[in-house]
Amino acid sequence: MFIALQNRQPGMQHELKVQPETTRLPSAQGRGDVLTLKEYEGANKLLDKIVVVTGGDSGIGRSVCVFAAREGAAGVVVAYHPSEKKDAEETGRMVEAEGADCYLLEADLRKGESVCKDLIQRTVDRYGSIDVLINNASEQHTTQKVEDLDSSVLESTFAVNVFAMLYLAKHAVPHMKRGAAIVNSASVVAYAGGGSLLEYTSSKGAIVSLTRALSQQLAPRGIRVNAVAPGPIMTPLNPATRDQENLDNWYKRTPPLGRIGQDSSYMTGQVLHPNGGTVVNT
């Protein structure tokens, strides 16, 4: 198996036997079964912006941080769990190699509003404002039977996945100007379900709803709020959650594209709705 089981939260990217692709995307020059990769090229879409990314140390979060820098961001805040310092430092090196300032902030989001408030305040103390908030940090556990539901696991999952998003938005919005944006990380399981991921699935459904509500509240202030709902993506979160049999089955249960996702080339058959904020139930 190419994945190193970790059996603890959060997962560590530096412990994976095979590293996910962070900055390279499939190239149109590929032929047949040969997958050709090329480096993502920025276009100054975030020129001089300040971007905050929770869970920015690894997986999707790491790619977001590096791409933000490559898109011209002036400062990238990598918020990470205390146990993920090694991964965060590597992300920091990658961000700085792109020419952006990188601010590593340790933050255990399970500890509530005070941690979220402090994260935002330290960001503002350094940069003065926030242009983009990426709520990417997630916690995931498996519960095979509802009778085995652990209240502490349920509370911890919602503390990271849902409550922290609202607390961070609460304290970030006063420092965001018209044109700023918030992006929340949901999941395909919010729509398709995830039988063994009871707590995680419930939290991701809540994220979809809070995103819609917050987007309506902040629209008059010119702040956009959206969510992404990725399918199975190769990040440290999965080997940290599943046992070997479960992980093998997860890897085999691939969608129509026939692979675990790494990037935007993983999107097909979907409808995007850039419609000014009208909620459509998809």
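The values are calculated or read from the model by the stated rules, or taken from the named source; none is laboratory data. All values reported here derive from a predicted model rather than from experimental measurement. Here Cβ is always computed from backbone atoms with ideal geometry, including for glycine, and neighbour counts include all displayed protein chains.
Total residues in region 89-112 satisfying the condition of being small (Gly, Ala, Ser) and more than 19 Å from Gly72 (Cα to Cα): the figure is 2.
Does Tyr191 satisfy the condition of being among the aromatic types (Phe, Trp, Tyr), in contact (Cβ under 8 Å) with a residue 12 or more places away in the chain and surrounded by fewer than 20 Cβ atoms within 10 Å (Cβ to Cβ)? For Tyr191, the condition - among the aromatic types (Phe, Trp, Tyr), in contact (Cβ under 8 Å) with a residue 12 or more places away in the chain and surrounded by fewer than 20 Cβ atoms within 10 Å (Cβ to Cβ) - is met. Among all positions in region 118-125, there is at least one residue which is of a type in the set (Lys, Arg), over 30 Å from Leu198 (Cβ atoms) and modelled with pLDDT of 95 or more. Only a single criterion out of (1) acidic (Asp, Glu); (2) at pLDDT below 95; (3) surrounded by fewer than 13 Cβ atoms within 10 Å (Cβ to Cβ) is not satisfied by Glu15, namely (3). Checking Asp101, Asp148, Asp108, Asp131 one by one, the residue that is over 16 Å from the mean Cα position of the chain (by Cα) and closer than 23 Å to Glu199 by Cα is Asp148 and no other.
Those residues that are buried (at least 19 other Cβ atoms within 10 Å of the Cβ) and either without any contact (Cβ under 8 Å) to a residue 24 or more places away in the chain or not aromatic (Phe, Trp, Tyr) (or both), I need them from region 195-209; list them, please. Leu197, Leu198, Glu199, Thr201, Ser203, Lys204, Ile207, listed by residue number.
Residue-wise test of (1) in a helix (DSSP H, G or I); (2) closer than 17 Å to Gly56 by Cα.
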{"site": "Ala137", "(1), (2)": "no, yes"}
{"site": "His141", "(1), (2)": "no, no"}
{"site": "Ser152", "(1), (2)": "yes, no"}
{"site": "Ser156", "(1), (2)": "yes, no"}
{"site": "Ala159", "(1), (2)": "yes, no"}
{"site": "Phe163", "(1), (2)": "yes, no"}
{"site": "Tyr167", "(1), (2)": "yes, no"}
{"site": "His171", "(1), (2)": "yes, no"}
{"site": "Lys177", "(1), (2)": "no, no"}
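Tallying residues that are part of a strand (DSSP E or B) and either among the aliphatic types (A, V, I, L, M) or surrounded by fewer than 18 Cβ atoms within 10 Å (Cβ to Cβ) (or both) within region 67-102 yields 5.
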